[in-house]
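Please read the structure below before turning to the comments.
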Amino acid sequence: MNARSIAATRRNVMAGTLTLAAATAAMSVKAESADKKKATNDTTQGTGYVTAKDGTVIFYKDWGPKNGKPIVFHHGWPLSSDDWDNQALFFLSKGYRVVAHDRRGHGRSSQVSEGHDMDHYASDVAAVVEHLDLRNAVHVGHSTGGGEATRYTAKHGKGRVSKLVLIGAVPPIMVKTEDNPGGLPIDVFDGFRAALAANRSQFYYDVASGPFYGFNRDGVEASNAMIQNWWRQGMTGAANAHYLGIKAFSETDFTEDLKSIDVPTLVLHGDDDQVVPVADSAVLSAKLLKNSTLKIYKGLPHGMATTHADLINSDILSFIED
């Protein structure tokens, strides 16, 4: 082989080596891209907004694995999805997909003038659930959120809700009527409206530092951090939405909703709940539901999901995994 032939052979070998190296690098980049795409597809995107049927923009959080069993949290009045931070972190650590939204007029959702009633609340939830295509979900509602979750499950949840959890929830109906003689007089809720209109900031501080968490009870040490966080969430929302929401949570009758729900439902309530008295709420709801488990906690307050988060989280987890 002459010198010219040897040089040509060397060039061919080098060209082949470079081609192989380029192909290997391209395969590596492609594989890395696929891994990144898979990682993105396996996890949810964090936060977002969805537009409800009437144009109201609803803020939501969507955390955790997309293939994880979804748990949808419904917050109380006048708070936001932030009130579920403890539960969100707990269930994320267990591999669940955690979804929570801000009710219209609350938190980061639109401060609209209309639609502050349970039918719109439930419809807004349906918009979030459909947008995220959540199926076989567990819905957890506290206080007003318990009413919202009940109305949603009854009206929109067929084929999408697997279990329901009601915590210190307002159903069947809070206000005293001929059909509900054990309810609270309308004067109580008129007082809420008057206090909100007069000085919303002070009213919210008084609720959080008093009956909501049971900090007005002898021997109970108040947590200023909890009080400030409650106040912060409340003041982030709209005064008009909160004012009109009092009628929604106190006067809505959920009797027929409860009767129509057939998914397993866990009803949790503290017997020292000063906001939603247990005898006219959880006890009656459990009787109306077709498939309910009632658990009443001795001495626990309305905000027990925060003050006794470890206990409540454990009981919800046991119910979900049963």
For region 120-137, state whether one or more residues are in a loop (DSSP other than H, G, I, E, B), more than 24 Å from LEU266 (Cβ to Cβ) and touching a helix residue (DSSP H, G or I) at 6+ places or on another chain (Cβ under 9 Å). no
From the set of residues in region 60-95 that are in a strand (DSSP E or B), surrounded by fewer than 23 Cβ atoms within 10 Å (Cβ to Cβ) and not charged (D, E, K, R), which is nearest to the chain's Cα centre (by Cα)? TRP63
Take the residues in region 239-297 that are basic (Lys, Arg) and in contact with a Leu (Cβ under 7 Å, 6 or more places away or on another chain), then tell me which one is nearest to GLU178 (Cα to Cα). LYS259
Matching residues in region 165-176 - criterion: being touching a residue at least 12 places away in the same chain (Cβ under 8 Å) and farther than 21 Å from SER80 by Cβ: PRO171, PRO172, ILE173, MET174, VAL175
Apart from one, (1) in contact with a Pro (Cβ under 9 Å, 6 or more places away or on another chain); (2) of a type outside the set (A, V, I, L, M); (3) within 20 Å of VAL138 (Cα to Cα) all hold for HIS106; the odd one out is (3)
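Looking at region 70-123, which of its residues are hydroxyl-bearing (Ser, Thr, Tyr) and under 23 Å from PHE319 (Cα atoms)?
Step one: list which residues in region 70-123 are hydroxyl-bearing (Ser, Thr, Tyr), which gives 80-81, 93, 96, 109-110, 113, 121, 123.
Hits for region 70-123 are SER81, SER93, TYR96.
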Those residues of region 180-205 which are touching a residue at least 40 places away in the same chain (Cβ under 8 Å), out of contact with any helix residue (DSSP H, G or I) (no Cβ under 6 Å at 6 or more places or on another chain) and not in a helix (DSSP H, G or I), in sequence order: ASN180, LEU184
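Does at least one position in region 153-176 carry a residue that is over 23 Å from ASP117 (Cα atoms), touching a strand residue (DSSP E or B) at 6+ places or on another chain (Cβ under 7 Å) and of a type in the set (D, E, K, R)? Before the answer, list the steps.
Going through region 153-176, the residues over 23 Å from ASP117 (Cα atoms) turn out to be 159, 162-163.
Restricting the remaining residues to those that are touching a strand residue (DSSP E or B) at 6+ places or on another chain (Cβ under 7 Å) gives 162-163.
Still in the list and also of a type in the set (D, E, K, R): 163.
Scanning region 153-176, I find at least one residue that is over 23 Å from ASP117 (Cα atoms), touching a strand residue (DSSP E or B) at 6+ places or on another chain (Cβ under 7 Å) and of a type in the set (D, E, K, R), so the answer is yes.
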Pairs where the first residue, in region 81-105, is within 22 Å of MET118 (Cβ to Cβ) and in the same structural domain as ASP62 (by TED's automatic domain parsing) and the second is surrounded by 16 or more Cβ atoms within 10 Å (Cβ to Cβ) and at pLDDT below 95, C-beta under 9 Å, 6+ apart: VAL99/THR44
One residue is enough: does region 116-127 have a residue meeting the conditions touching a strand residue (DSSP E or B) at 6+ places or on another chain (Cβ under 7 Å), assigned by TED's automatic domain parsing to the domain that holds PHE73 and in contact (Cβ under 8 Å) with a residue 60 or more places away in the chain? yes
Restricting to region 129-165, name every residue that is in contact with a Leu (Cβ under 7 Å, 6 or more places away or on another chain) and surrounded by 21 or more Cβ atoms within 10 Å (Cβ to Cβ). HIS139, GLY141, GLY146, ALA149, THR150, THR153, VAL165
Exclusive hit being at pLDDT 95 or above, over 22 Å from ILE167 (Cβ atoms) and surrounded by fewer than 23 Cβ atoms within 10 Å (Cβ to Cβ), set GLY55, GLY46: GLY55
Selection status of ASP190, in the same structural domain as LEU79 (by TED's automatic domain parsing) and farther than 18 Å from PRO70 by Cβ: yes
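If a residue must be in contact (Cβ under 8 Å) with a residue 40 or more places away in the chain and within 30 Å of GLU114 (Cβ to Cβ), how many such residues does region 247-279 contain? I'd like the intermediate steps shown before the answer.
Taking region 247-279 as the starting set, the residues that turn out to be in contact (Cβ under 8 Å) with a residue 40 or more places away in the chain are 247-258, 260-261, 263-270, 272-277, 279.
Now drop any that are not within 30 Å of GLU114 (Cβ to Cβ), which leaves 247-258, 260-261, 275-276.
Counting residues in region 247-279 that are in contact (Cβ under 8 Å) with a residue 40 or more places away in the chain and within 30 Å of GLU114 (Cβ to Cβ) gives 16.
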Only one of ALA238, ALA279, ALA309 that is surrounded by fewer than 22 Cβ atoms within 10 Å (Cβ to Cβ) and more than 21 Å from the chain's Cα centre (by Cα): ALA279
So ALA208 clears everything in (1) in a strand (DSSP E or B); (2) buried (at least 19 other Cβ atoms within 10 Å of the Cβ); (3) among the small types (Gly, Ala, Ser) except one condition, right? Which one? (1)
Please state which one of LEU300, LEU294, LEU268 is buried (at least 19 other Cβ atoms within 10 Å of the Cβ), assigned to a strand (DSSP E or B) and touching a strand residue (DSSP E or B) at 6+ places or on another chain (Cβ under 9 Å). LEU268
Breaking point among (1) under 20 Å from the mean Cα position of the chain (by Cα); (2) surrounded by 19 or more Cβ atoms within 10 Å (Cβ to Cβ), for LEU289: (1)
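The values are calculated or read from the model by the stated rules, or taken from the named source; none is laboratory data. These numbers were taken from a predicted model, which means no experiment stands behind them. Please note: Cβ atoms are built from the backbone with ideal geometry, for glycine as well, and neighbour counts cover all protein chains shown.
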